[in-house]
Amino acid sequence: MRCLVTGSAGHLGEAMVRTLRGRSHEVVGLDLLASRYTDQVGSIVDRATVARAMKGVEVVFHTATLHKPHVATHSRQAFVDTNVTGTLNLLEEAVAAGVRSFIFTSTTSVFGDALIPPAGEPAAWITEDVRPVPRNIYGVTKAAAEDLCELFHRNQGLACLILRTSRFFPEQDDDREKRQSYSDDNLKTNEFLCRRVELGDVVDSHFLAAEHAERIGFRRYIISATTPFSFEERAALRTDAPSVVKWRVPSYEAEYRRRGWSMFPSIDRVYVNARARSELGWKPRYDFQHVIKRLKSGDDHLGPLARAVGSKGYHAKRFEDGPYPVE
């Protein structure tokens, strides 16, 4: 199988190329940055570059994007150029090349303000049925790119699946208050309860999407670690998350105490991956309970693929606020 992976120098792009090569697939890695996993250096904004990369391709894994941390350093036009026009170029060339499936890596950030319930309300239970309310240009352009994929499925018959991934980056959080309140490992482990996913599990979801895309045609999926919580626990999660976590995963408390860690006092959203598990047969290995077992054995939350890919950062320099610019 000949595959095109856009964003091949990024976290997910590199992980995809590594894994595809390991499975003896023919891969074309496309990125602005040269790397061991980039075969063609160029921009998806340039239609001719996209056309060259698309030759003979059967499956497109479109992971290239400007991310949320770029909002403070890039113009809104740059987001439109990369996330919308770049996706349009890929879709048009994919149809012209007879590509059989197009897998678009989107983000749970498209939900935007729908993720934050009003004060006093239960935690938001986020399924694919929740209507996105993007809060910044990043969310707007990713939502627009999703709609382009749907348009090309409806009008050109291109099989397109959208994977809305939750957090899998190894870099520090972009929220200064969270960086100051929790150690990085503590914060990321907490997030496996509701809004984080392991990189290797994300890669698996993309391969399954490619396998089933022609049968399904078009569909959106949330890709996040399986939460231990139930819908009925939303109110308690908002007011006393540690008690709910203790009830669901009793073993966490002693390990957190040993490490001097703390649980979120309140959880305001929970990403639900039931559709991806049911329709794609996705079986994410990493959830909060699995990570706690790893911690007890002296390991950490990182899987082998995430450890191999490592941290990349989003900017080439440091800022007044450390790894992220001050907006």
Worksheet item: Given (1) 27, 23, 21; (2) 39, 23, 19; (3) 33, 21, 20, which label gives semi-axes √(5λ) of the Cα gyration tensor in Å as computed from the coordinates?
Response: (3)
Fill in: Mean residue ellipticity (222 nm) of the chain, computed from DSSP H runs ≥ 4 via -39,500 (n - 2.57), nearest 500
-12000 deg cm²/dmol
Item to complete: Go through the chain and flag any cysteine with no other cysteine's C-beta closer than 4.7 Å, please.
Response: Cys3, Cys194
Practice prompt. May I ask you to sort Ser106, Ser266 by Cβ crowding, counting other Cβ atoms within 10 Å and putting the fewest first?
Written response: Ser266, Ser106
Worksheet, complete the sentence: Relative contact order in percent for the chain (Cα pairs under 8 Å, 6+ apart) equals 18
Response to the item:
For the range 180-229, shape from the Cα gyration tensor axes a ≥ b ≥ c, cut at a/c of 1.5 then a/b versus b/c, turns out prolate
Worksheet item: Among the lysines, which fall within straight-line cross-link reach of Lys55, defined as a Cα-Cα distance under 26 Å, with same-chain neighbours fewer than 8 residues apart omitted?
Response: Lys142
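Counting Lys +1, Arg +1, Asp -1, Glu -1, what net charge surrounds Val244 among other residues with beta carbon under 11 Å of its beta carbon?
It works out to a net charge of +1.
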Worksheet, complete the sentence: Protection proxy (average C-beta count within 10 Å per residue), highest first, orders 160-168, 271-279 as 160-168, 271-279
Fill in: Total charge dipole magnitude, the range 1-117, about the Cα centre, Cβ charges on Lys, Arg, Asp, Glu only, Debye to nearest 20
260
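Each reported figure results from applying straightforward, stated rules to the coordinates on display, with no laboratory input. Everything quoted here is computed from the prediction, not taken from an experiment. In this analysis, Cβ positions are derived from the backbone assuming ideal geometry, glycine residues included, and neighbour counts consider all displayed protein chains.
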